[in-house]
Amino acid sequence: MGTDIKPGTYRMRKSSSYCYYARLKGFSGTINDIITNDNPGGRAIITISARDKGFQSEHCGTWASM
């Protein structure tokens, strides 16, 4: 996302059939750093924990706090 994101629950503002997101526990780029990920077919809701080290989002548009 390119910016800091606070722990909490977020939703996509618009659905996107090309969205990919992942909650991360590290930044090595390996599959072991992925806590959970998804390619939702519509609008997604994600809860980011204070223990997560990062959040990756591609082609999902804008995320809004709930």
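The values are calculated or read from the model by the stated rules, or taken from the named source; none is laboratory data. This one's a predicted model, so the numbers in the text were calculated from it and none came from an experiment. Glycine also receives a Cβ, built like all others from the backbone with ideal geometry; neighbour counts cover every protein chain displayed. Quick note on the areas: whole protein, heavy atoms, side chains included, nothing else; ligands and nucleic acids left out. Shrake-Rupley method; radii C 1.70, N 1.55, O 1.52, S 1.80 Å.
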Of the candidates Gly42, Gly26, the one satisfying the condition of being open to solvent by less than 80 Å² (accessible area, probe 1.4 Å), of a type outside the set (Lys, Arg), part of a loop (DSSP other than H, G, I, E, B) and in contact with a helix residue (DSSP H, G or I) (Cβ under 7 Å, 6 or more places away or on another chain) is Gly26
Give the residue that is surrounded by the fewest Cβ atoms within 10 Å (Cβ to Cβ), with candidates limited to residues of region 29-38 that are of a type in the set (A, V, I, L, M) and part of a strand (DSSP E or B). Ile34
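Quick check on this structure: which one of Lys6, Lys14 is surrounded by fewer than 13 Cβ atoms within 10 Å (Cβ to Cβ) and touching a Gly at 6+ places or on another chain (Cβ under 7 Å)? Reasoning before the result, please.
On the way: Lys6 fails: touching a Gly at 6+ places or on another chain (Cβ under 7 Å).
Just one listed residue meets the conditions, Lys14.
Filtering region 1-23 down to residues that are in a loop (DSSP other than H, G, I, E, B) and in contact with a Ser or Thr (Cβ under 7 Å, 6 or more places away or on another chain), which residue is nearest to Phe55 (Cα to Cα)? Talk me through it step by step, then tell me what you get.
Quick first cut of region 1-23, residues in a loop (DSSP other than H, G, I, E, B) only: 1-7, 13-19.
Subset that is in contact with a Ser or Thr (Cβ under 7 Å, 6 or more places away or on another chain): 1, 7, 13.
Values: Met1: 7, Pro7: 10, Arg13: 17 Å.
Here the residue is Met1.
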Cβ pairs under 8 Å, 6+ apart or interchain, first in region 25-42 and without any contact (Cβ under 8 Å) to a residue 60 or more places away in the chain, second open to solvent by 70 Å² or more (accessible area, probe 1.4 Å) and of a type in the set (A, V, I, L, M, F, W, C), ordered by first then second residue, are Lys25/Ile35; Asp33/Phe27
Considering only residues that are under 9 Å from the mean Cα position of the chain (by Cα) and open to solvent by 50 Å² or more (accessible area, probe 1.4 Å), look in region 46-61 and name the one that is nearest to Lys6 (Cα to Cα). Thr47
